[in-house]
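Enquirer: One structure coming up, written as structure tokens, with questions to follow.
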Amino acid sequence: MKKIVLGILAHVDAGKTTLTESILYLTGTTRKLGRVDHRDTFLDYDFQERNRGITIFSKQAIINWHDSQITLIDTPGHIDFSTEMERTLQVLDYAILVISGIDGVQGHSETIWNLLRYYKIPTFIFINKMDVSRYEQSELMQNLKERLDEHCFDFSNLNDEFYESVALNSEDLLNYYLEYNTLNKEMLINEIARCQLFPCFFGSALKMERIDNFFNEFTNYIKNKDYSESFGARVFKISHDEQGNKLTHLKITGGSLKVKTQLLNDEKVDQIRIYSGNKYHLTDEVMAGDICAIKGLKSIVAGQGLGIEDNTTQPLLSPYMDYQIKLPPDCDQHQVLKKLNLLAQEDPQLHINYNVRTKEIHVQLMGEIQIEVLKNIIQERFKVEVDFDYGRIIYKETIEEAVEGVGHFEPLRHYAEVHLLLEPGKPGSGLKFDTNCQEYLLANNYQRLILSHLQEKEHLGVLTGSPITDMKITLVAGKAHLKHTEGGDFREATYRAIRQGLKTAKSVLLEPYFDFSLELPIEYLSRAIYDIEAMAGNFKLPENQTDIAVITGSAPVSKMQNYQSEVVRYTKGKGRLICQLSDYRPCQNQAEVIKSFNYDSEADVENPTGSVFCSHGAGYNVRWDQVAQHMHIPFVFKKIKKTANNIQDKSKFDNIDDELENIFTRTYGPVKQRSGEHQVTKKIFNESSYKYIPECLLVDGYNVIHAWPELKELAKDNLDAARMRLIDIMCNYQGYKKCILILVFDAYKVKDNIGSTTKYHNIYIAYTKEAQTADMYIERATHELASKYNITVATSDALEQLIVLGQGGKRISSRELRLEVAQLDQEKLEEFRRKQPKSHNYLLEGLKNFNQD
């Protein structure tokens with residue numbers, strides 16, 4: 001038996017609910033054909049839905065038809081409730097997109113289509129209201145191909161012309177068609193499942209015309225999804241029943257789930273409910289592919305993945321207006337906020353928050369209808385009458401160029417440092433998170449922890465405190481302390497790294513834009529053009545002008561949100577403006593908007609921009625612009641950029657020049673170039689002009705470890721311990737020699753390793769990049785620095801010693817280095833003893849004097 005989850009989606013008034021009722025009646029799920037205008041539909045049972053004649057909440061029904069068990073999910077069609085619709089997409093196996101045969105593809109239809117393509121959901125298209133449409137099927141098909149996808153095909157007549165057109169979809173289909181002059185059904189099913197073919201059907205849901213043919217063909221062209229045997233589930237909705245119990249709606253994506261199973265945070269499954277309409281039955285177990293509601297889970301949120309499933313990425317749709325919720329004077333603000341947070345659990349896109357500074361409760365909404373619905377919900381469930389202000393546009397922030405942000409958190413007995421690479425993304429891409437940090441620098445468990453901290457919070461920009469977007473944030477380096485790193489340390493360091501990076505980068509304020517369609521009599525066209533240009537909008541004039549002109553384009557929401565009433569006024573009720581949220585673009589009046597917000601990023605204690613370091617047993621704050629002078633890990637962004645460039649050049653010596661230059665710059669300061677007018681040529685050697693050339697020792701780390709007996713023995717049990725022992729020995733040795741000491745370790749077998757150089761106390765530790773040995777690193781370093789520094793290389797590799805000598809450097813074997821280290825230790829110990837003053841036993845001396853007395 002086929003088991004699938006099917007979603008029905010449409011723009012408002014396309015007849016989606018009517019089609020749902022027709023399918024339920026056809027399949028025997030309901031005995032009565034409900035109608036929207038009669039307020040008796042099976043799934044729109046909420047009183048607000050029946051009063052308004054629209055779907056507000058997504059709900060499900062169970063259908064059994066022939067060899068298929070279908071969980072049908074009805075979704076809201078009104079644009080104000082688009083976020084509710086988007087949440088259901090993550091659990092769908094197939095979708096039916098309903099298009100009105102009267103209006104054709106609308107702006108919101110395109111938005112839904114783009115969401116379906118983003119979530120990779122195979123889609124069937126039903127063109128409804130054909131009983132009253134003035135268009136031919138061919139005209140509507142052309143409209144679908146132009147505005148949705150050229151792979152939309154009319155499945156109402158599977159003739160030779162149909163097969164020939166579909167065969168052009170792929171090379172495999174074409175080869176099969178050329179050989180057999182047809183296409184088999186299995187090939188069409190696979191093309192549909194791969195989202196390479198979109199079947200289209202025509203009919204009238206209200207009059208039940210061709211509904212049976214459509215649904216029969218739908219069940220013929222679907223197939224089961226493959227599921228894992230390991231448990232997995234995707235949470236797509238949170239609700240509360242009439243008794244106030246929290247219900248977690250989820251889809252099982254692998255294995256099974258039984259009652260009393262323990263999930264996250266020791267929470268157990270108390271009940272498993274299978275809903276159909278507003279009724280449900282209990283079951284003891286659900287299998288992969290089932291949609292159910294779980295009672296007993298307290299902490300799980302919408303979008304969360306369980307078992308093998310990851311958490312959902314950020315939704316594509318989001319509100320563009322922020323409103324203050326005004327409470328009655330005698331109302332306890334904190335009690336109401338606690339109740340409102342229940343609504344935030346059900347709809348995370350409400351973003352209900354409390355502003356501590358202004359003592360205001362704010363919520364983000366999509367439009368006027370959602371405001372009215374939310375008012376009624378609060379009144380019905382919490383018995384509180386609230387109001388809303390006029391609202392404020394939600395701005396967003398991004399950056400113009402890549403930057404490395406650093407966050408350090410080190411109060412006493414705490415430690416974490418995080419380096420994040422912030423890169424601008426494509427418009428509309430949202431936030432993406434990744435890691436490019438090797439395990440030998442930071443353990444994988446800490447890397448996963450940092451990624452979870454990046455995703456758990458809405459991060460705010462530094463211009464207006466608005467949410468950031470259109471960025472890729474990559475973990476490139478981090479550091480923990482074996483003893484002092486606690487659970488929350490990396491959270492603090494991660495948040496501070498983002499804010500420090502935003503302060504360092506050049507930020508850009510983004511504002512929302514409408515896509516609009518303006519219909520008005522031709523005599524008002526010039527007025528409309530003038531208004532749109534004044535709004536800094538762009539538009540396209542109609543090619544074939546009749547008595548009614550249709551202007552399409554885009555404009556800032558801030559300028560166009562109240563333009564509908566103006567259109568009605570100057571056209572005397574003959575004009576119509578349809579707006580739909582498009583995307584976010586650079587703000588036209590950025591300076592003015594930033595000033596109106598009066599936001600001080602450095603005074604925002606909830607989102608600090610600086611870091612916390614420790615000195616003399618106490619933590620102290622460091623401003624964001626001084627963090628680079630205190631951080632414990634060097635910047636790696638330049639090295640990443642250098643690596644990318646050198647991959648194109650196929651060079652094997654990536655990053656060496658920059659790393660070595662950084663080491664010597666930090667030790668001796670920047671190299672100052674003299675201009676020509678200050679240069680003096682001397683013909684005679686002058687002792688006063690002689691400059692001391694610093695000593696530099698390059699140590700082949702693993703060569704030394706395997707050459708020193710005590711380290712070699714230690715390495716047999718624990719290579720990391722041997723490496724740390726050598727590092728400590730080299731730190732002591734550098735303290736005696738006062739030279740620059742670079743300890744080089746091979747990391748060439750680490751996949752995708754970009755290499756790194758870290759200062760550890762008084763020495764530098766270099767890890768080579770992928771496919772680069774310590775020999776190659778040292779060879780290159782010797783070549784680059786031999787003319788400026790006295791280079792000595794410690795290694796027992798005979799070939800490497802020859803290369804070093806050829807480059808003008810000195811060499812010392814690993815055995816000789818060991819002897820020199822031991823000799824220096826002995827000399828310093830004897831020197832210490834010589835400098836100690838002779839001790840006097842004053843206590844005995846006092847006793848002697850006492851006895852004499």
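The values are calculated or read from the model by the stated rules, or taken from the named source; none is laboratory data. All figures in this text were calculated on a predicted structure; none of them were measured in a lab. Using ideal geometry, Cβ is built from the backbone for each residue, glycine included, and neighbour counts are taken over all protein chains shown.
Enquirer: Condition test on residue 346, is it under 31 Å from the mean Cα position of the chain (by Cα) and of a type in the set (Asp, Glu)?
Expert: Yes, satisfied.
Enquirer: On to the next question. Quick one: in region 577-632, which of the residues that are free of Cβ contacts under 8 Å to residues at least 40 places away in the same chain and in contact with a Gly (Cβ under 7 Å, 6 or more places away or on another chain) is nearest to residue 394 (Cα to Cα)?
Expert: 623
Enquirer: A follow-up question, please. Scan region 262-280 for residues that are of a type in the set (S, T, N, Q) and part of a strand (DSSP E or B) and jot them down. Steps first, answer last, please.
Expert: From region 262-280, those of a type in the set (S, T, N, Q) are 262, 265, 271, 276, 278; that's our starting set.
If the condition is that a residue be of a type in the set (S, T, N, Q) and part of a strand (DSSP E or B), then 262, 271, 276 are the ones that fit.
Enquirer: Sticking with this structure for a sec: If residue 147 satisfies all but one of (1) surrounded by fewer than 18 Cβ atoms within 10 Å (Cβ to Cβ); (2) more than 29 Å from residue 206 (Cβ to Cβ); (3) within 41 Å of the chain's Cα centre (by Cα), what's the number of the condition it fails?
Expert: Residue 147 satisfies every listed condition except (2).
Enquirer: Pick out, from region 484-564, the strands (runs of 3 or more DSSP E) lying fully within it that include 1 or more residues that are within 30 Å of residue 416 (Cβ to Cβ) and in contact (Cβ under 8 Å) with a residue 60 or more places away in the chain. I'd like the intermediate steps shown before the answer.
Expert: Values: elements: 507-521, 538-540, 548-556.
Once the strands (runs of 3 or more DSSP E) in region 484-564 are filtered for at least 1 residues that are within 30 Å of residue 416 (Cβ to Cβ) and in contact (Cβ under 8 Å) with a residue 60 or more places away in the chain, what remains is 507-521.
Enquirer: With respect to the numbered conditions (1) at pLDDT below 80; (2) part of a strand (DSSP E or B), which one is the sole condition not fulfilled by residue 804?
Expert: (2)
Enquirer: Somewhere in region 149-165, is a residue assigned by TED's automatic domain parsing to the domain that holds residue 211 and either at positive phi or in contact with a His (Cβ under 7 Å, 6 or more places away or on another chain) (or both)?
Expert: The initial filter retains those residues of region 149-165 that are assigned by TED's automatic domain parsing to the domain that holds residue 211, namely 149-165.
Right, trim to either at positive phi or in contact with a His (Cβ under 7 Å, 6 or more places away or on another chain) (or both) and you get none.
No - not one qualifying residue is present in region 149-165.
Enquirer: In addition: Working only within region 364-417, note down all residues that are acidic (Asp, Glu), under 30 Å from residue 626 (Cα atoms) and more than 20 Å from the chain's Cα centre (by Cα).
Expert: Within region 364-417, 410, 417 meet the criteria.
Enquirer: Continuing with this model, one more query. Do any strands (runs of 3 or more DSSP E) lying entirely in region 320-403 carry at least 2 residues that are over 30 Å from residue 424 (Cβ atoms), and which ones are they? Give the derivation first.
Expert: On the way: elements: 321-326, 353-355, 360-365, 396-399.
So the answer is 321-326, 360-365.
Enquirer: If you scan region 156-177, which residues turn out to be exposed (fewer than 11 other Cβ atoms within 10 Å of the Cβ) and over 37 Å from the mean Cα position of the chain (by Cα)?
Expert: 157, 159, 160, 161
Enquirer: Looking at region 766-798 only, could you name the residues that are β-branched (Val, Ile, Thr) and in contact (Cβ under 8 Å) with a residue 60 or more places away in the chain?
Expert: If we filter region 766-798 for residues that are β-branched (Val, Ile, Thr), which is where we start, we get 768, 773, 778, 782, 791-793, 795.
Matches in region 766-798: 778, 782, 791, 792, 793, 795.
Enquirer: Give me a count of the residues in region 13-28 that are touching a Ser or Thr at 6+ places or on another chain (Cβ under 8 Å) and surrounded by fewer than 19 Cβ atoms within 10 Å (Cβ to Cβ).
Expert: The number of residues fulfilling the criteria is 1.
Enquirer: May I pose another question? Using the structure shown, decide if residue 740 is touching a Phe, Trp or Tyr at 6+ places or on another chain (Cβ under 8 Å), crowded, with 21+ Cβ neighbours inside 10 Å, modelled with pLDDT under 70 and not basic (Lys, Arg).
Expert: So residue 740 fails the test.
Rundown of residues vs (1) in a strand (DSSP E or B); (2) within 25 Å of residue 614 (Cα to Cα), yes/no style:
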{"position": "420", "(1), (2)": "yes, yes"}
{"position": "428", "(1), (2)": "no, no"}
{"position": "450", "(1), (2)": "no, yes"}
{"position": "482", "(1), (2)": "no, yes"}
